[in-house]
Amino acid sequence: MPTVHVDLGARSYDVKVEQGLLVRAGEAIREAGLKGRAAVISDETVAGHHAQALLTALETAGYTADLHLVPSGESSKSMARVEQLCSSMAAAGHDRRSFVIALGGGVVGDLAGFVASVFYRGIPFVQIPTTIVAQVDSSVGGKTGVNLAEGKNLLGAFHQPALVLVDPLVLATLPDREYHEGFAEVIKHAAIRDAAMLADIKALDPATRDVPADLIARNIAIKARIVEVDEHETKGVRALLNLGHTIGHGIEASVPYGEMLHGEAISLGLRAALQLSEKHAGLPADQSGTILGLLQHFHLPLQLDPAITTERVMEKLGRDKKFEGGKVRFVLLRAAGDAFVSAEVTPDDMREAIELLRTKA
């Protein structure tokens, strides 16, 4: 199986990618050396498809495990839900010798990881991501957290997983919209670090769920190498992963949580970032067009809802964590595969880019 090692010293771990890995999850977790009881955290939708297979795999490997469910959707990323899950785990008898398994997409991974970071002051956790977004991006890197009304992920902790298990077969249960949104992150990875991947993405059929394990592993490796250099986002390198996310997060936060999927907002943010890259970094228009074409290939939005005002987006992105001292660190592309963090993008530039999103791509 493709395995990507994330080298973080004492916090190092492996990301294993293989079809059918879910039904062998207990064995893989045992091989990784985890001991104690397992608290499986999932949402109601994912659990209906995959929880029993995981619980059976854990039982077969000799683990005692129980299931803790949250409602599906972004609204579950809240401190109230963290407290509820911690209480549920404590009532079930979990303690510092237990470990958490996050079974789900990015919401479940962020939430369960944060629960693991605070329960008994921190216990191990395993990521088993079930969406494209989570498999190629959010399950790796140790960022956990929940939302506030003022913005996404404003409360959280860096808490690296002990193991990540990626099974491409679980993608078969995703609705089209949730499947397609994940490719915004795949396209982003290619844009910042692997221009050759753009052709491989174009070769995929959006109507199928056939995503090669090697392609998922290539995406994971891009993120892993960046995280290794800048685990806690203090050196400016990890910020490269935020291409499209500054304006994208502002758009996502401008509507009720869950109304717009993360990847859909990032698709709009990527279009804005491409326009700013052409203006400030000399990104060739044909390369920009190639990336926009891939977003369209996966049915991702490129035109902003007129009901979302520019000032509303600017207000929301002004509260984003990517601002430091009121100044934005904006990720631009010099060329496909060549990203950098710029200090030249002004609020007026961002307003202009948001207004461009009101026009047809």
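Taken together, the values in this text are just the output of simple stated rules run on the coordinates, not laboratory data. Everything quoted here is computed from the prediction, not taken from an experiment. No Cβ is skipped: glycine too gets one built from the backbone with ideal geometry, and neighbour counts run over all protein chains shown.
To the nearest µm²/s, what D does Stokes-Einstein give for the chain at 20 °C and 1.002 mPa s, using the Kirkwood radius over alpha carbon pairs as Rh?
It comes out at roughly 105 µm²/s.
In what order do 111, 204 fall by count of nearby beta-carbon atoms within 10 Å, going from fewest to most?
Ranked by crowding around the Cβ, least crowded first: 204, 111.
Going toward the positive end of the dipole of the chain, with +1 on Lys and Arg Cβ and -1 on Asp and Glu Cβ, which of 328, 290, 99 do you reach last?
Selected residue: 99.
With each label point set 7 Å from Cα along the Cα-Cβ vector, what nm distance links residue 12 and residue 286?
4.3
Using modelled amide H (1.01 Å from N, peptide plane; none on Pro or chain starts), what sits under 5 Å from the amide H of residue 194, excluding residues fewer than 5 places away?
Close amide H contacts, sequence-distant or interchain: 337.
Across the stretch 270-361, how many lysine pairs, 8 or more positions apart or on different chains, have C-alpha atoms separated by under 24 Å? Please give the number.
6
To the nearest 0.05, what FRET efficiency results for residue 150 and residue 97 with a Förster distance of 51 Å applied to their C-beta separation?
0.90
Computed on alpha carbon atoms, what radius of gyration and Dmax characterise the stretch 147-272, expressed in Å?
15.2, 40
Neighbouring Cβ atoms within 10 Å as the yardstick, rank 24, 121 fewest first.
By the 10 Å Cβ count, ascending: 121, 24.
How long is the stretch 1-100 along each principal axis, judged by its Cα atoms, biggest number first, in Å?
37, 31, 28
Expressed as a fraction of 2.2 N^0.38 Å, the rule-of-thumb size for a compact globular protein of N residues, what is the C-alpha radius of gyration of the stretch 3-173?
Ratio of Rg to 2.2 N^0.38 Å for the stretch 3-173: 0.92.
Over all distinct Cα pairs, what is the inverse of the mean 1/r for the stretch 176-356, reported as the Kirkwood hydrodynamic radius in Å?
Final number for the Kirkwood radius of the stretch 176-356 is 16.4 Å.
Quick check for the stretch 3-173: number of Lys pairs with alpha-carbon distance under 24 Å, counting only pairs 8 or more apart or on different chains?
Taking the Cα cut-off of 24 Å, the pair count is 6.
For every helix of n ≥ 4 consecutive DSSP H residues, a contribution of -39,500 (n - 2.57) applies; sum these over the chain, divide by its total residues, and give [θ] at 222 nm rounded to the nearest 500 deg cm²/dmol.
-12500 deg cm²/dmol, from helical runs alone.
Based only on other Cβ atoms within 10 Å, what is the fewest-to-most ordering of 340, 183?
Ordered by Cβ neighbours within 10 Å, fewest first: 340, 183.
Using only Cα atoms and rounding to the nearest 10 degrees, what angle (0 to 90) does helix 79-91 make with the longest principal axis of the chain?
Taking the Cα atoms of the chain, the angle to 79-91 is about 10 degrees.
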